[in-house]
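Scroll down for the structure; my scribbles are underneath it.
Each reported figure results from applying straightforward, stated rules to the coordinates on display, with no laboratory input. In this text the structure is predicted, and so the values were computed from the model without any measurement. When we count neighbours, we look across all protein chains shown, and the Cβ atoms used for this are built from the backbone with ideal geometry, even at glycine.
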Amino acid sequence: MAAALLLVLGLTAMLTACGSDDPESLTVYSGRSEKLVGPIFEAFTADTGVALDVRYGSSNDLALLLAEEGTKTPADVFLSRSPGPAGYLDDLGMLAELDDDVLARVATTDRSPAGTWVGFAGRGRVLVYNVDEVATEDLPGSVFDLTGPEYAGRVAVPGSNSSFQDWFTLFRLRNGDNVATGWLNDMVANGSRFYPKNGAIVEAVGRNEIQFGLVNHYYNFQKVAANGNAQRSANHGFVPGDDGGLMIIATAAVLNESNKQGAANRLLTHLLSDEQQRYLTDSVYEYPLALGVAPADVLPPAPVDRVGAVDIDDIAAEFTRTIEIIEASGVLDQ
């Protein structure tokens, strides 16, 4: 059984651009969106003169594509929304050991034990709530509490969203299919409502269309930054150790087959530079993972509980199983 971490899930890879044999360029497979990392890539090219040919898509699909391409892959660098796809490729022997100056930028807890990938940003799972309708003393301690009668018809679940599917896969692997399936079925029976995206949930909570929602932490901070006091929502973190409040880290790796590993490591160093880490936390409101870079002042302390190691035989099979459970629950019909 292959040792890996939480896989990032996605329905379809939307790939753009193509590889290049130009020694002054790198090919990047990015599971993080162009809206998020595009400015980081542009700054790298401006600073170094190294052009980047980027293929964007879901992290899971890109990892499967890399496995299919094998030794013929044009990719030099792989960015993933969580460690699972990187761990999957590492188990296939496709990732190179990173330079010491890259590894030294992050804590040992935020990188591969073998030094083949590093985390560069973190997103905590939280419960967003309407501040006018919900008293702080009524907020739950655990994600399991949300199946109780006091939350009936009041919780939004982004069942088709890849970030929720990331989290639910980890939740399932940590607790077993019976517990995870039972929780999701109980949420449906309790009248939880389906929304396709985290941002849509935060907007709905802010206008009191629904009172609670399960989202990544940074969405509410972005809405508050845009709308100020008109945004009537806030984040609630579950008690330490609760599965509902785990932080999932985005990762970066260099491919073994790359003949441009020096430049590829330079890109990772750039990603972990103080300037780009400040961009990720001050503008995107994610948690920076480079040592010595503090989170944006508006952010609470980073969740202590990171994604833990789990055994995964087949990344595609686990993705399929998660989708099967979500679809069978009926949450997408709520």
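So here's what we get for this one:
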| read-out | value |
| --- | --- |
| Span-rule helices in the chain, defined as complete DSSP H runs reaching 18 Å or more along the axis (Cα) with Kyte mean at least -1.0 | 34-48, 162-175, 315-329 |
| FRET efficiency, 1/(1 + (r/R0)^6) with R0 22 Å, evaluated for ASN175 and GLN334 via beta carbons | 0.50 |
| For region 78-135: rounded, prolate or oblate by the Cα gyration tensor [a/c cutoff 1.5] | prolate |
| Whether region 100-244 is rounded, prolate or oblate, judged on the alpha carbon gyration tensor where a/c under 1.5 counts as rounded | oblate |
| Kirkwood Rh in Å, taken over region 16-166 so that all alpha-carbon pairs contribute | 18.3 |
| Cβ-derived FRET efficiency at R0 30 Å, ALA114 paired with LEU291, nearest 0.05 | 0.95 |
| Protection proxy ranking of 135-141, 221-227 - average other beta-carbon atoms within 10 Å, highest first | 221-227, 135-141 |
| Region 120-144-region 203-229 distance, computed between alpha-carbon centres (Å) | 11 |
| Whole-Å semi-axes of the ellipsoid equivalent to the chain (Cα gyration tensor, √5λ, descending) | 34, 22, 17 |
| Mean separation of Cα contacts under 8 Å (6+ apart) over length of the chain, as relative contact order % | 27 |
| Antiparallel %, DSSP beta bridges [both residues in the chain], to 5 | 65 |
